[in-house]
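Below: the structure, in structure tokens.
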Amino acid sequence: MTTLENRPYDELNIGDSATFEKTLTEKELVLFAAVSGDVNPVHLDEAFAKTSMFGERIAHGMWSGSLISAALATVLPGPGTIYLGQELSFRRPVKLGDTLTVTLVVKDKMDSKKMVELDCLVTNQNGEKVVLGVAKVIAPTEKVSIEAPQLPNISIG
């Protein structure tokens with residue numbers, strides 16, 4: 001079992017960083033389409049995607065955005081973080097089999113509301129920038145260390 005531990009507001013310093021990594025699989029792509037309702041054929045239809053500017057199927061842009069959310073919630077600041085906002089700039093497509101690394105860096109702290117701004121960079125396995133952005137969160141104020149929940153096994157039918 002994996003343990004999740006947060007970094008409370010008072011432990012965060014400007015320049016602190018953390019990473020989170022995930023690979024895009026066929027199952028992930030289809031499940032994201034099912035959950036989000038985004039069934040754009042550039043994501044799901046190989047024949048259609050071949051006629052697109054990318055020449056093949058690509059991930060939903062917000063799949064990459066959801067990895068930033070996961071990194072904020074599980075790594076930095078971690079459990080108890082409240083997501084307030086996100087600016088994103090999509091730089092290149094994500095393809096099946098790509099492994100993305102989210103890097104978060106504490107950019108600013110606002111003591112009055114325990115708010116934190118973090119620079120967000122998502123790169124692929126080749127080190128190419130996929131997404132750039134800035135997230136705003138309310139960081140937890142108390143230290144928490146918990147076991148990550150077991151998620152159900154989901155099948156695609």
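All of the numbers you see were taken from the coordinates with simple rules; none came from a lab. Not measured: the values here are computed from a predicted model. Backbone-built Cβ (ideal geometry, glycine too); neighbour counts: all protein chains shown.
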Give a residue-ordered list of calculated ³J(HN,Hα) values for region 112-127 (Karplus: 6.51 cos²θ - 1.76 cosθ + 1.60, θ = phi - 60°; whole Hz; x for Gly, Pro). 4, 10, 6, 8, 9, 9, 10, 6, 10, 10, 10, 10, 8, 5, 9, x
Backbone N within region 18-44 under 19 Å of label point (7 Å from SER155 Cα along the Cβ vector): 26-32, 34-35
Can you sort THR81, THR19 so the residue with the fewest Cβ neighbours within 10 Å comes first? THR19, THR81
Under a Gaussian network model of the chain whose springs join Cα atoms within less than 10 Å, the largest fluctuation of SER69, SER17, SER36 belongs to SER36
To the nearest 20 debye, what charge dipole does the chain have about its Cα centre, counting +1 at the Cβ of each Lys and Arg and -1 at the Cβ of each Asp and Glu? 220
At what distance in angstrom do the alpha carbon centres of region 59-107 and region 115-157 lie from each other? 5
If we restrict to alpha carbons, what Rg and Dmax does region 1-101 come to, in Å? 16.1, 52
With at most 13 neighbouring Cβ atoms within 10 Å, loop GluC sites (Glu not before Pro) (DSSP) excluded, longest segment of the chain: 57-127
For the table LYS114/LYS143; LYS27/LYS129; LYS22/LYS107; LYS27/LYS136, the rows whose alpha-carbon distance is greater than 21 Å are LYS27/LYS129; LYS22/LYS107; LYS27/LYS136
